[in-house]
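The structure appears below as structure tokens.
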Amino acid sequence: MKYWRLVLVGFSRKKFRTVLTIGSFAVAMFLFGLLAIIHLSFNQGIEIAGADRIIVMNKVSFIQPLPLSYDRQLADLPGVRQVTHATWFGGIYQDEKNFFPQLAIDVDTWRQTYDEFLVSDDEWKTFAADRQGAIVGEITAKRFGWKVGDRIPLKGAIFPGDWQFNIDGIYRGSRKADDTSAFWFHYDYLNESIPAGSSWKNVAGWYIVRLKDSGDAVQIISRVDAMYANTSWQTKTATEKNFYADFAKQMGNIQFLILSIGAVVFFTLLLVTGNTMAIAVRERTAELAILKAIGYSDTFVMMYILAESLIIALIGGLLGLGFAKLFTLSGDPTRGMLPLFYLPLNRMLLGVGAALLVGAIAGFLPALNASRLRVVEALRKV
């Protein structure tokens, strides 16, 4: 502890330059935090996908439906515990910018299939009895100021018309990463409003099959696709994890983009910090020579310079990540495009570690050069 005063004196010698370097770290780590949020949001389904659930969709495209008759057929397969279905609605609330997922669901089976979503028994009972009822996620309810009992109008896009819904309940996730932005309503309400002869009559968007044993997933996937191979409604079946991964790929290689931006930011930060520490060592040549002359070892001098670099990295990293965390507390600024907008502790710890690593690498060469100074040569240069 007796050496910390010496470290802090060196740290505060050029205050303006130190503040600018810390600011560079703070900006870089703030950007790191935003990139981590975006990456987490795009991969939320992959990370929390149910191991015992598979998704059955139309082989042609995700936007093509499947017959309702598949429900019973899938439920009769050995190893299947529960089958439910959902249909994308795509309605507009007040303005097209107010995006949030709207799903017409099978009320009788949805809750058993997705038991990680929590809603009170009373609210679900009210919802089940109300043909125009809806259950909304807590993020979307908070975003629009909705509460139980409100009547919500939606303008149909895929299904034309003006639709009215009653908010009968608000659901939340049992895990932080659960998506609570969706709007659920009765499939029967949707289906009965579709005119006879329409291609959307008596069809579902996709099926979710919950298995008795997740180890049977590969076998059941093959059986499902083989069962409908020679029909007019062929299927493409995958585990829920693979389904979300394929869906994320349609948005482009987000992970590569994030890694590329992050690499450029950290490389630039490394150059800036390394140059700052090199200048600091050159300016303190006489001071370092005197330290060595009065008995301080080469190792001490090296650690002295390296500690200064690490302190700058730590303070800047904590400030940047702290601002990123505060930014998430105001809610999702993307109007529903990134419903999972939060920065978890493990990503913050990863950011702190990355900042310290950059600080260590940037300070290593200047610290090594400082430790190799020869007292006579250093004083002669002065």
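The values are calculated or read from the model by the stated rules, or taken from the named source; none is laboratory data. Computed from a predicted structure; not experimentally measured. Ideal geometry is used to build each Cβ from the backbone, glycine not excepted, and the neighbour counts take in all protein chains shown. For the accessible areas, the whole protein counts, side chains as well, though only heavy atoms, and no ligand, DNA or RNA atoms are used. Shrake-Rupley method; radii C 1.70, N 1.55, O 1.52, S 1.80 Å.
Considering region 340-373, and only residues there that are outside any helix (DSSP H, G or I) and at pLDDT 80 or above, the residue that is most open to solvent (accessible area, probe 1.4 Å) turns out to be ARG372. Considering only region 159-187, state which residues are under 29 Å from LEU40 (Cβ atoms) and among the hydrophobic types (A, V, I, L, M, F, W, C). Result: ILE167, ILE170, ALA177, ALA182, PHE183, TRP184, PHE185. When ALA75, ALA86, ALA134 are screened for being open to solvent by 20 Å² or more (accessible area, probe 1.4 Å) and in contact with a strand residue (DSSP E or B) (Cβ under 8 Å, 6 or more places away or on another chain), only ALA75 passes. Among the conditions (1) part of a loop (DSSP other than H, G, I, E, B); (2) modelled with pLDDT of 85 or more; (3) under 22 Å from PRO101 (Cα atoms), the only one that ILE170 does not satisfy is (1). Screening region 223-243 for residues that are aliphatic (A, V, I, L, M) and either out of contact with any strand residue (DSSP E or B) (no Cβ under 9 Å at 6 or more places or on another chain) or over 19 Å from VAL203 (Cα atoms) (or both) and picking the one that is surrounded by the fewest Cβ atoms within 10 Å (Cβ to Cβ) gives ALA226. If you take the residues in region 89-105 that are more than 24 Å from the chain's Cα centre (by Cα) and of a type in the set (A, V, I, L, M), which one is surrounded by the most Cβ atoms within 10 Å (Cβ to Cβ)? This residue is ILE105. Set side by side, the residues LEU321, LEU271 differ, and just one is open to solvent by 50 Å² or more (accessible area, probe 1.4 Å) and at pLDDT 85 or above, which is LEU271. Of the strands (runs of 3 or more DSSP E) lying entirely inside region 174-289, the ones with 1 or more residues being touching a His at 6+ places or on another chain (Cβ under 7 Å) and in the same structural domain as PHE62 (by TED's automatic domain parsing) are found at 206-211. Scanning region 282-314 for residues that are more than 13 Å from ARG374 (Cα to Cα), modelled with pLDDT of 80 or more, over 38 Å from the mean Cα position of the chain (by Cα) and crowded, with 16+ Cβ neighbours inside 10 Å turns up MET302, TYR304. Scanning region 64-92 for residues that are of a type outside the set (Ser, Thr, Tyr) and in a loop (DSSP other than H, G, I, E, B) yields GLN64, PRO65, LEU68, ASP76, LEU77, PRO78, GLY79, PHE89, GLY90, GLY91. Condition (residue is loosely packed, with under 13 Cβ neighbours inside 10 Å, among the hydrophobic types (A, V, I, L, M, F, W, C) and over 18 Å from PRO65 (Cβ atoms)) applied to region 177-198: is it met by at least one residue? No; the residues of region 177-198 include none that is loosely packed, with under 13 Cβ neighbours inside 10 Å, among the hydrophobic types (A, V, I, L, M, F, W, C) and over 18 Å from PRO65 (Cβ atoms).
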